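Student: Take this structure, written in structure tokens, and hold onto it; I'll ask about it next.
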């Protein structure tokens, strides 16, 4: 009885790389992930996140947003999301559009974990970001500010992005997490107080 009381509030979650194991294939790996998230939902797990990796033959988790949509559509209660979206590989506007749609489709069940690295090698980063300047430019702080401003619809009046209309409204925002293996990610979350960031260390 004491043991049950000690662990009754313990919340379990899963981070899925969607591994392609030896002798298997991507289609089977995706089926495995689908069955795993359904089982996790039935067992009462708290959340199920997908990583973002590219040019890695043993993993097929290249699009956490698409995988999150698939997972959410096959479950009822578990939170789903990204662990994380590697922001240098993406347009902040597109990330906001995708996760606004996810949150609108599955209210209260979507997590947006954000990473500062590309999550891949230099050549693949170049293919994703489409210019050497983007690969070498450390503009993550600007990207993150744009992402938050798109979510909150609070660009300054003089900012050119002020004219861009994001679907929905500022109430349709997923829970946001800053990922990081160093103090850097934590500091971004501390400094930016326009949204409540949760901290996840990987």
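Student: How many of the residues making up region 74-88 are assigned to a helix (DSSP H, G or I) and either buried (at least 22 other Cβ atoms within 10 Å of the Cβ) or within 12 Å of the chain's Cα centre (by Cα) (or both)? Let's see the steps before the verdict.
Tutor: Start the filter on region 74-88 by keeping residues that are assigned to a helix (DSSP H, G or I), which leaves 87-88.
Next, from what is left, pick out any that are either buried (at least 22 other Cβ atoms within 10 Å of the Cβ) or within 12 Å of the chain's Cα centre (by Cα) (or both): 87.
Total meeting the criteria: 1.
Student: Which of the residues spanning region 51-70 are in contact with a helix residue (DSSP H, G or I) (Cβ under 8 Å, 6 or more places away or on another chain), in contact (Cβ under 8 Å) with a residue 40 or more places away in the chain and surrounded by 18 or more Cβ atoms within 10 Å (Cβ to Cβ)?
Tutor: Within region 51-70, 51, 52, 54, 60, 61, 67, 68 qualify.
Student: Testing residue 39 on (1) within 14 Å of residue 112 (Cβ to Cβ); (2) over 18 Å from the mean Cα position of the chain (by Cα), one condition comes back false. Which one is that?
Tutor: Going through the list (1) within 14 Å of residue 112 (Cβ to Cβ); (2) over 18 Å from the mean Cα position of the chain (by Cα), residue 39 breaks only (1).
Student: Do the conditions hold for residue 99, that is, is it modelled with pLDDT of 95 or more and at negative phi?
Tutor: yes
Student: Please work out which one of (1) touching a residue at least 24 places away in the same chain (Cβ under 8 Å); (2) under 23 Å from residue 148 (Cβ atoms); (3) loosely packed, with under 14 Cβ neighbours inside 10 Å is the condition residue 26 fails and give its number.
Tutor: (2)
Student: Go through the residues of region 114-126 one by one and say whether even a single one is assigned to a helix (DSSP H, G or I), surrounded by 13 or more Cβ atoms within 10 Å (Cβ to Cβ) and within 13 Å of the chain's Cα centre (by Cα). Working first, answer last.
Tutor: To start, the set of residues in region 114-126 that are assigned to a helix (DSSP H, G or I) comprises 122-126.
Now drop any that are not surrounded by 13 or more Cβ atoms within 10 Å (Cβ to Cβ), which leaves 124-126.
When the remaining residues are screened for being within 13 Å of the chain's Cα centre (by Cα), the result is none.
Among the residues of region 114-126, not one is assigned to a helix (DSSP H, G or I), surrounded by 13 or more Cβ atoms within 10 Å (Cβ to Cβ) and within 13 Å of the chain's Cα centre (by Cα), which makes the answer no.
Student: Right, here's the next one. Surrounded by 13 or more Cβ atoms within 10 Å (Cβ to Cβ), farther than 23 Å from residue 50 by Cβ and in contact (Cβ under 8 Å) with a residue 12 or more places away in the chain, is that true of residue 173?
Tutor: Details: surrounded by 13 or more Cβ atoms within 10 Å (Cβ to Cβ): yes; farther than 23 Å from residue 50 by Cβ: no; in contact (Cβ under 8 Å) with a residue 12 or more places away in the chain: yes.
So residue 173 does not fit the description; no.
Student: Which residues, counting only those in region 143-173, are part of a loop (DSSP other than H, G, I, E, B) and within 18 Å of the chain's Cα centre (by Cα)? It would help to see each step written out before you state the result.
Tutor: Start the filter on region 143-173 by keeping residues that are part of a loop (DSSP other than H, G, I, E, B), which leaves 153-159, 164-173.
Within region 143-173, 172, 173 meet the criteria.
Student: A follow-up question, please. Working only within region 89-113, note down all residues that are over 20 Å from residue 59 (Cβ atoms), out of contact with any helix residue (DSSP H, G or I) (no Cβ under 8 Å at 6 or more places or on another chain) and in a loop (DSSP other than H, G, I, E, B).
Tutor: Scanning region 89-113 gives 91, 107, 108.
Student: Just wondering, is there one or more residues in region 141-160 that are surrounded by 11 or more Cβ atoms within 10 Å (Cβ to Cβ), closer than 26 Å to residue 103 by Cβ, modelled with pLDDT under 90 and touching a helix residue (DSSP H, G or I) at 6+ places or on another chain (Cβ under 9 Å)?
Tutor: Scanning region 141-160, I find at least one residue that is surrounded by 11 or more Cβ atoms within 10 Å (Cβ to Cβ), closer than 26 Å to residue 103 by Cβ, modelled with pLDDT under 90 and touching a helix residue (DSSP H, G or I) at 6+ places or on another chain (Cβ under 9 Å), so the answer is yes.
Student: Something else about it: What are the residue pairs meeting all of these: first residue in region 31-49, first residue buried (at least 16 other Cβ atoms within 10 Å of the Cβ), second residue assigned to a helix (DSSP H, G or I), Cβ atoms under 6 Å, and 6 or more apart or on different chains?
Tutor: 37/71; 48/37; 48/40; 48/71
The values are calculated or read from the model by the stated rules, or taken from the named source; none is laboratory data. In this text the structure is predicted, and so the values were computed from the model without any measurement. A quick note on method: Cβ atoms are made from the backbone with ideal geometry, for glycine too, and the neighbour counts reach across all protein chains shown.
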